[in-house]
Amino acid sequence: MEPNQIPVKDEAPAYSVPWSVTDTWLGVGLLVLLSIGMLSILFLGVGQQYLQNVGVLILELVYLLPILLVFGWRRISWKHLGFGKFSLNVMGIGCGLLLGAYLIILLHNAVLYMLGIDTQGDQIFDIFSQLESPIWFFVVGAVIAPIVEELFFRGFLFQGFRQ
């Protein structure tokens, strides 16, 4: 090696998951078809009653079908979705940042309210007051939806397109 030459490191091995990019695109296609199907049911008026009850939960869980189909077909374990151990310190920092963000949002809304600017809060409360069971929207929106979205988008799509 010459004195001025920079040593070249070996390239890192390619990232690999047990499903192919084609499988990932298949998952995207299935998600699009499922979304079109659910929207058409809602536009036909058939699904209006389901939105009032547990149907919201079912609609959210439908988004796991592409993962279930691809993983079942390829006989892939759920551990390949990228979940692992986490640090309690990191979790504490994340929760603290979340609480800080909520504080900023509350202050922002208070300033808007004092300036006489209408916020979305009143509209959201109006929507919740029209529901028979708003607890389902909370459970699905705050608990189920984030888990399903992490599984599908970060665990399945991101890792599939990353390779």
Subset of region 74-92 [surrounded by 10 or more Cβ atoms within 10 Å (Cβ to Cβ) and either part of a helix (DSSP H, G or I) or among the hydroxyl-bearing types (Ser, Thr, Tyr) (or both)]: 74, 78, 80, 81, 91, 92
All positions within region 95-126 that are surrounded by 11 or more Cβ atoms within 10 Å (Cβ to Cβ) and among the small types (Gly, Ala, Ser): 110, 121
Test for residue 128: is it touching a helix residue (DSSP H, G or I) at 6+ places or on another chain (Cβ under 9 Å), hydrophobic (A, V, I, L, M, F, W, C), under 29 Å from residue 35 (Cα atoms) and part of a helix (DSSP H, G or I): yes
Considering residues of region 131-163 that are more than 18 Å from residue 32 (Cβ to Cβ) and more than 16 Å from the chain's Cα centre (by Cα) only, the residue surrounded by the most Cβ atoms within 10 Å (Cβ to Cβ): 136
Any hit, region 102-123, residues being in contact (Cβ under 8 Å) with a residue 12 or more places away in the chain and touching a helix residue (DSSP H, G or I) at 6+ places or on another chain (Cβ under 6 Å): no
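Any read-out appearing in this document is the output of simple, stated calculations on the displayed coordinates, not a laboratory observation. A quick note: this is a predicted structure, and the numbers were derived from the prediction, not measured. Neighbour counts run over all protein chains shown; Cβ positions are idealised from the backbone, glycine included.
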